[in-house]
Amino acid sequence: MSYNADSRGYYGEFGGAFIPEMLYPNCEELRQNYVQVMQEDFFKKEFQQLLKDYVGRPTPLYFAERLSNKYNTKIYLKREDLCHTGAHKVNNTIGQILMAKRLGKNRIIAETGAGQHGVATATVCALMGLECVVYMGEIDIERQAPNVARMKMLGAEVRPAKSGSRTLKDATNEAIRDWINNPVDTHYIIGSVVGPHPYPDMVARFQSVISEEIKWQLKEKEGKENPDYVVACVGGGSNAAGAYYHFLDNPKVGIIAVEAAGKGIDSGESAATSALGKVGIIHGSKTLLMQTTDGQITEPYSISAGLDYPGVGPMHAHLFKSGRGEFISITDVDAMKAGLELSKLEGIIPAIESSHAFAILETRKFESDDVVVINLSGRGDKDLNTYIDYFKL
Ligand SMILES: Cc1ncc(COP(=O)(O)O)c(C=O)c1O
């Protein structure tokens, strides 16, 4: 069984491009060009150079000794929190801005939840001198204020999404509307492995640098390329897709996906798509989706803005349905506790999204000689106010 997209953008039964006719030219132009452009020597060279000199790659693979001792297993952290702008999101925005330039676009739009993707997009637009509009839910604008300020400072316009739950899903709707109205000069930089084909595959390929590095870094440290488990949090699923990518076809590498259970899976306030989702279509892709019995999208909830999405990318829906991935849901309470624990044990304050991945250590037992790589997708600076309020610091 394949876990990558086929030529039509399907992962098993999930994926595809379910788009209105007016978006067809935009997606088709990208679909016809993306693989070929990504394989051009000049493109590859520029992408790799920027990842190295601008983003600061390779990011370290750090052996977390105190955490390993506590949970009696060997835990490595892939330090995406050390990327320029503070999270893995920039790997993708560097790739997509080069793609946009190559396709002759001079205006960039994006959606953002936690603000990390918005900041990463505003950053590369500043780098390349392109106009940038970022759509963001009104609620997220409030809870991620430092990232809003950063986007503005980088020269981007932040437009609030005022409909629905006023979070990521609604920001994405607004961005798609903009793209329909500006089909010729605008490229839409989607921030995760979601959306119509070719986005999930293109974003996964850009993020696959994460597992490419894990392989050689683990070889240096452990004498073997493959860990026993790779763990990552899943919002749309881009940091997870990147961390899994080069291990997908090796059944000996366990794949663990961590979703946000919010206030509890059965609380009506969660974003645990694999537990609660049914097959549906969101933002142009057939995937698992939280919805009511008559097919209306359920408003998601998580304390972490980046996991607050009612679906998952089609790769993850397929990993779940096929049984290749093990899916675990973590509540706000347990994620916050894990974030505090990592800060105190290792001196690393994680993004609350990433804290969800660490929280599984309390309940998911590993053997003492297992090598477990946890993708530390981002740093906690943007979440400091949430941590302060929560722990009354
Ligand atoms: C630090 C961090 N981790 C994870 C995510 C979730 O996104 P994805 O599932 O695409 O990696 C976000 C989203 O904003 C984020 O900022």
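Observations, loosely collected:
- For residue 233, solvent-accessible area (1.4 Å; no DNA, RNA or ligand), Å²: 0 Å²
- Sparsely packed loop sites in region 125-179 (the trypsin sites (Lys or Arg not before Pro) outside DSSP H, G, I, E and B with at most 11 other Cβ atoms within 10 Å) comprise 162.
- Computed per residue of the chain from DSSP H runs no shorter than four, each worth -39500 (n - 2.57), the mean residue ellipticity at 222 nm is -12500 deg cm²/dmol.
- Springs join every pair of Cα atoms under 10 Å in this Gaussian network model of the chain, and among 65, 21, 225 the largest mean-square fluctuation is at 21.
- Taking the centroid of alpha carbons for each part, region 358-376 and region 139-218 are 29 Å apart.
- Globularity ratio of region 253-393, using Cα Rg and 2.2 N^0.38 Å: 1.07
- Scanning the chain for cysteines with no neighbouring cysteine C-beta under 4.7 angstrom from their C-beta gives 27, 83, 233.
- For the chain, averaging the sequence separation of C-alpha pairs within contact (under 8 Å, six or more residues apart) and dividing by the residue count gives a relative contact order of 20 percent.
- Per residue Cα convex hull volume in Å³ - calculated over the chain: 126 Å³
- Packing-based ranking of 364-370, 272-278 yields 272-278, 364-370, ordered from highest to lowest mean Cβ neighbour count within 10 Å.
- Along each principal axis, Cα extent of region 22-62, largest first, Å: 45, 23, 16
- Dipole magnitude (debye, nearest 20) for the chain, charges at Cβ of Lys, Arg, Asp, Glu: 480 debye
- Accessible area per residue, Å², region 83-179 with all protein chains present, probe 1.4 Å: 32 Å²
The values are calculated or read from the model by the stated rules, or taken from the named source; none is laboratory data. Here the structure is a predicted model, which means the values were calculated and not measured. Glycine also receives a Cβ, built like all others from the backbone with ideal geometry; neighbour counts cover every protein chain displayed. These accessible areas exclude ligands, DNA and RNA; they are computed on the full protein's heavy atoms, side chains included. Shrake-Rupley method; radii C 1.70, N 1.55, O 1.52, S 1.80 Å.
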